[in-house]
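What follows is one structure encoded as C-alpha cells, with my remarks underneath.
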Amino acid sequence: MISNKQLYFQNLAHTIDTPLAIEIERAEGMYMYGPNGEEYLDLLGGISVSNLGHQNPQVVEATKAQIDKHMHLMVYGEFIQSPQVKLAKKLTEMLGHHFESVYFGSSGAEANDGALKLAKRTTGRGKIVAFKNAYHGSTQGVLSAMGDEYFKQAYRPLIPGFHFAEFNKEETLSLIDHNTAAVIVEPVQGEAGYRTPENNFLQKIRQKCNDTGTLLIFDEIQTGFGRTGHLFAFQKYGVVPDIITMAKGLGGGMPIGAFAAAKEVMDNFKNNPILGHITTFGGHPVSSAAALASAEIISEKLDSFHIKAKEELFRKLLVHPNIKKVHGAGMMLCVELSSFEEVQFAMDYCIEKRLIIDWFLFNNYSLRISPPLIINEDQIRWASSVILEALDAFNKTH
Ligand SMILES: Cc1ncc(COP(=O)(O)O)c(C=O)c1O
C-alpha cells in the first residue's frame, strides 16, 4: 500500500525541496505523536498558533458542540450566528479602547488585506508605509507589503503605492506624510527574527500618524493572544493602533482571521461601494466557537502561564559560545547563531532528538522558539539542553 509519505511527496504541493516531512498522527498539550508513537516536544506551536497547546479539552468540546448544531450557513455577515457574535463581543472586551467592531476572515493574510482596504477607503488616500523585513502574508495584496525583495521579485507587478521604512530607524519615518493611508507594522517583527521595538519606536510611529492623519495598523497575527505575556503586544508597549489584525493564536487551532477598528471606521465598508469587503467563510461558526473558547481561557488564565518567568528561564539556559544573542519577547524568542549551516545542523539534531524547532523566513542564521504558552519548566530545561547539545555537536564536526 502506498504510504502517507509517498502521497505527501507525490500529490501534495510543496514550496521547498526539503520540507520537514515529519508524519504526525495525533497531538496533545505540548506534544505531537508520530504513527509509531514517536513523541515530539513542540517548540513552535504551529508557528505561534497553538497557544493553549494541542487539543485543549474546552476548545475541543466547544468545537464539537458547534459541529453538532451547524456548520456553514451563509456568506459572512448576513445571518446572526451565536459563536460569531459572541466572539466579536469577547474580542472587543479583550482589546478595549475604540475597538468596537470586528470583521472576520479566514486567515492572517486576508485580515491584513482587509485592514489595508479599510484604511484606503477611510482616508481616501493610496500610499501605504510598511517596513523592511516585515511579513504580513503571501497573497498578492499583502505580498506588496512584504519587506523582502527576494521573496517578491518573481511576482511583480504587485500593488503600487507601498513604501518601506526601516524598523527601529526613526529617520525613515519621514516616509509617512499627508498622502499616506496607513502604516502597517508588526509590534514585534516576526520573520525578521523576533525584533522588538527600541527607543519608543512604536510611540514615534503613532505620533507621526497622528500628525499626518494616517491610520496605524498593528499586525498582531503572531504577537496576539498572550504570546508576549500581554493579551496583545499593543498593551505591552502602550501604543494603541487604529486597526488591529489577528489570526494564528485567535482560533485555538482552527483557521480564522479578524481585524478590529472603531465602528465609525469599519462602517465605511457599508457604502460607496456597498459590500466593501466580502468573504464566504469568514468567521466560520466552528472556527468561531473554537476561538471563543480559546479566547476565554487565555484572557482568564494568562497570568498563570508565567510568560515572563519562562522567557527568563530560556534566556538563562540558552548561553553558549555559538549563541550571539537571544532576541524577542515572551514566548517569541530568536536564538541568533552565525550561519544557515549551523541552523540547519541544529534543527536536524533537535528533530532527531524529537524536539520540533524552526528558522525564520528573513533571518536564516537563527533558531525560532515559539512554543505553546503552557510549556513547563522541565520542558524548557530539556529543550534548551538539546539545543546546547546540538551546538556542541556542530562544533565537534565543523
Ligand atoms: C505577522 C504575520 N502576519 C501575517 C501572517 C499571515 O498569516 P496567514 O499565514 O494566516 O495568512 C503571518 C504568518 O506567518 C504573520 O506571522
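The values are calculated or read from the model by the stated rules, or taken from the named source; none is laboratory data. Bear in mind the structure is a predicted one, so any value in this text is a computation, not a measurement. Backbone-built Cβ (ideal geometry, glycine too); neighbour counts: all protein chains shown. Remember, those area values only see protein heavy atoms, side chains included, never the ligands or the DNA or RNA. Shrake-Rupley method; radii C 1.70, N 1.55, O 1.52, S 1.80 Å.
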* Structure fact -> Listed by first then second residue, the pairs whose first member lies in the range 86-98 and is part of a loop (DSSP other than H, G, I, E, B), whose partner is at pLDDT 95 or above and open to solvent by less than 20 Å² (accessible area, probe 1.4 Å), with beta carbons under 6 Å and at least 6 positions apart or on separate chains, are HIS98/ALA262
* Asked: What number of residues in the range 99-121 are open to solvent by 50 Å² or more (accessible area, probe 1.4 Å) and either away from the ligand (no atom under 11 Å from the Cβ) or assigned to a strand (DSSP E or B) (or both)?
  -> 4
* Asked: Which of (1) in contact with a helix residue (DSSP H, G or I) (Cβ under 7 Å, 6 or more places away or on another chain); (2) within 21 Å of LYS248 (Cα to Cα) does ASN322 not meet, given it meets every other one?
  -> (2)
* To do: Inspect all residues belonging to the range 77-86 and state whether any of them is on the phi < 0 side of the Ramachandran plot, away from the ligand (no atom under 16 Å from the Cβ), open to solvent by less than 70 Å² (accessible area, probe 1.4 Å) and small (Gly, Ala, Ser).
  => yes
* Identify the residue in the range 368-398 that is more than 16 Å from the chain's Cα centre (by Cα) and not in a helix (DSSP H, G or I) and, among all such residues, is surrounded by the most Cβ atoms within 10 Å (Cβ to Cβ). => ILE375
* **Cβ pairs under 9 Å, 6+ apart, first in the range 124-139 and at positive phi, second more than 11 Å from the ligand (Cβ to nearest atom) and assigned to a strand (DSSP E or B)** => GLY124/ALA181; ASN133/ARG195; ASN133/ASN363
* Looking at the range 146-158, is at least one residue within 15 Å of the ligand (Cβ to nearest atom), in a loop (DSSP other than H, G, I, E, B) and among the charged types (D, E, K, R)? -> yes
* Which numbered condition ILE256 misses (of (1) in contact (Cβ under 8 Å) with a residue 60 or more places away in the chain; (2) away from the ligand (no atom under 16 Å from the Cβ); (3) of a type in the set (Val, Ile, Thr); (4) within 23 Å of LEU116 (Cβ to Cβ)) -> (2)
* Of the residues that make up the range 359-367, is at least one under 24 Å from SER294 (Cα atoms) and not in a strand (DSSP E or B)? -> no
